[in-house]
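Data first, discussion second: the structure below is written as structure tokens.
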Amino acid sequence: EGILIGGKRYSEVTITLETCLLPPERLARSPSAVLGLSADTEEQLRIRGCEEIQAAGILLRLPQVAMATGQVLFQRFFYCKSFIRHCAEMVAMACLHLASKIEEEPRRVRDILNVFHHLKHSTEHRTAKPMPLDSTYISMKSEVIRAERQLLKELGFCVHIKHPHKVIVMYLQVLECERNTKLVQKA
Amino acid sequence: GEVCSPTLVSFMCCKFQRIDVSKQMSLPMDIRLPPEILKKLQMQSPEPCKPLSRMSRRASLSDIGFGKLETYVKLGKLGEGTYATVFKGRSKLTENLVALKEIRLEHEEGAPCTAIREVSLLKNLKHANIVTLHDIIHTDRCLTLVFEYLDSDLKQYLDNCRNIMSMSNVKVFMFQLLRGLAGELKLADFGLARAKSVPTKTYSNEVVTLWYRPPDVLLGSTEYSTPIDMWGVGCILYEMATGRPLFPGSTVKEELHLIFRLMGTPTEETCPGITANEEFRSYLFPQYRAQALINHVPRLDTEGIDLLTTLLLYDTRKRISAEASLRHAYFLSLGEDIHSIPDTASVFSLKDIQLQKDPGHRSSFDCFFPNSGRGKNRRQSVF
């Protein structure tokens, strides 16, 4: 049974995501760390990316689950690839775009680009105009789509994520703490 | 019979992105981290560890030939779906026949939702009623999914028996379909698309067929929930039993009109909240009364009619679920054992479950379903 390749017999190779816990050695040496990025810069980039995804998701009126999915995708991607070779912002946009599709609330790439643009360029006093449809826009758009393809490839299409939030709320109910709104909100 | 092809997924066809070091500095320096996190980070000093095995594993899969288009020989077109074209092919690795599903990637919005769902879910599923996904080839213009090859899909099957299926086969096929749906699958995942039905584009730019859509969706509900599929299952039950599609509308309005003419125009009683639906009100449909389904599907028995009726309910809360429908009286005649077979076993692993010769069949049944025997590993799919 199976196929013989180079003296080895392959009958079945399955890549699944039964457990989403990374082994400690991979956590300690992320691809960015291997390329010499300091741990605290990496941490900051991760936090910043997740904050961008959250802020943009709110403006795009996405359900919270889409932002959570986008953030998980973002974190996982940067355990496959480094911040040095991949633009954090581009990946964040691709994560949010992909997450919106996964959670069945799709948003157009154009809207995502505009919202990120708005977040970057708006100040307290003025709101940024939508991005002009010029060559910069077109190349950014195709880069987001390319980043999305790379995300899918790196994560092996394991993109449907079971979030812990509901489980936490359930535990709190069991522990009869559901009236502790502070805890529930934290979940 | 025996299926021993590897269930494998690999992604090696993307080019490496060019290194852009300037982007390293895209972080504003004013982000402040809580001290305890900083301390933690400093404690986790990088230790020397062995190189990641993933790269080498991926490389070896690539060496074998997975994830490469050259590994598969195209033999001919099997059909054209709403968002993909399916070819018959042969794997040079296993010499097995495969189905190659080519999904065109429009550069507008990246990978289509349906394709992501299809890969992400099917990849982890091993079920006798679900087609196995063997490989994925992801390139710039196209995403190709390599599936196990099935001899016939429902449309071909219906064509071959001149649209007159044996009613006992209808029951077995329905059970298989519902078994698949009772798991993680959605009807859309079965690639349900008829060449004749007019595809339409949704707000998210996805191409879908109208014929199997429930009125709640046609009237603007964007909420995806399982009752949507169960409506489609009802349409398929009708189609298998009569040989004709149930509601072959070519526009949303026509589709709704066909539904209401048969099932009655919805009222507050049959469909709570309908009178407040702006879209429904704007169409100004006449007040049709519901017709008796038995007059339209005379070959279906009383239990079958009852199942069909509960599948085609307007109120999504009352529409029967996949799990509940497997226990419907319609399937009682299949026996009790059918509920205890493992997911990975086909219903044909039971001695009592056999397909009958279809009355409308051109020749003997076997030449169209040569592998439909009771091989335990044979995966059956209605689509």
Note to self: Considering only residues that are without any contact (Cβ under 8 Å) to a residue 60 or more places away in the chain, under 18 Å from A:LEU151 (Cα atoms) and of a type in the set (S, T, N, Q), which ones fall in region A:47-90?
What the structure shows: A:GLN71, A:GLN75, A:SER82
Notebook entry, point to check: With B:GLU80, B:GLU70 as the choices, which residue is within 30 Å of B:LEU210 (Cβ to Cβ) and either at pLDDT below 85 or among the aromatic types (Phe, Trp, Tyr) (or both)?
Noted result: B:GLU80
Check: Quick one: B:PRO272 ticks every box in (1) part of a loop (DSSP other than H, G, I, E, B); (2) within 29 Å of B:GLY180 (Cα to Cα) bar one, so which box is it?
Finding: (2)
Next item on the list: Would you point out the residue of region B:266-303, among those that are without any contact (Cβ under 8 Å) to a residue 24 or more places away in the chain and β-branched (Val, Ile, Thr), that is surrounded by the most Cβ atoms within 10 Å (Cβ to Cβ)?
Entry: B:ILE294
Item checked: Test: residue in region A:34-49 that is at pLDDT below 85 and either over 18 Å from the mean Cα position of the chain (by Cα) or not hydroxyl-bearing (Ser, Thr, Tyr) (or both) -> no
Next item on the list: At least 1 residues that are of a type in the set (Ser, Thr, Tyr) and over 12 Å from the mean Cα position of the chain (by Cα) in each: list the helices (runs of 4 or more DSSP H) lying fully within region A:56-172 that qualify.
Entry: A:135-154
Check: in contact with a Lys or Arg (Cβ under 8 Å, 6 or more places away or on another chain) and at pLDDT below 85 - does that describe any residue in region A:125-133?
Finding: yes
Next item on the list: Go through the residues of region A:156-170 one by one and say whether even a single one is away from chain B (no Cβ under 14 Å), of a type in the set (A, V, I, L, M, F, W, C) and in contact (Cβ under 8 Å) with a residue 12 or more places away in the chain.
Entry: yes
Notebook entry, point to check: When you scan region A:100-138, how many residues do you find that are closer than 27 Å to B:ILE136 by Cβ and free of Cβ contacts under 8 Å to residues at least 40 places away in the same chain?
Noted result: 5
Next item on the list: Report, by residue number, each residue of region B:236-288 that is at positive phi and of a type in the set (Gly, Ala, Ser).
Entry: B:GLY243, B:GLY264, B:GLY273
Check: Could you list, in sequence order, the residues of region A:51-110 that are polar (S, T, N, Q) and closer than 19 Å to A:PRO164 by Cβ?
Finding: A:GLN54, A:GLN64, A:THR69, A:GLN71, A:GLN75
Margin query: I'd like to know if region B:117-130 contains one or more residues that are of a type outside the set (Ser, Thr, Tyr), farther than 30 Å from B:LEU350 by Cα, surrounded by 20 or more Cβ atoms within 10 Å (Cβ to Cβ) and modelled with pLDDT of 80 or more.
Written below: no
Checklist line | Meets criteria (of a type in the set (Lys, Arg) and at pLDDT 85 or above) for B:ARG299 | finding: yes
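For (1) away from every other protein chain (no Cβ under 12 Å); (2) surrounded by fewer than 17 Cβ atoms within 10 Å (Cβ to Cβ); (3) under 30 Å from A:ALA39 (Cβ atoms); (4) among the charged types (D, E, K, R), each residue gets a yes or a no:
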site	(1), (2), (3), (4)
A:GLN64	yes, yes, yes, no
A:MET67	yes, no, yes, no
A:MET93	no, no, yes, no
A:LYS101	no, no, no, yes
A:ARG107	no, no, no, yes
A:THR127	yes, yes, no, no
A:THR136	yes, yes, no, no
Notebook entry, point to check: Going through region A:138-154 one residue at a time, which ones are closer than 19 Å to B:ILE103 by Cβ and more than 9 Å from chain B (Cβ to nearest Cβ)?
Noted result: A:LEU151
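The values are calculated or read from the model by the stated rules, or taken from the named source; none is laboratory data. What you are looking at is a predicted structure, and each value in this text was computed from that prediction instead of being measured. Note: ideal-geometry Cβ built from the backbone for every residue, glycine included; neighbour counts use all protein chains shown.
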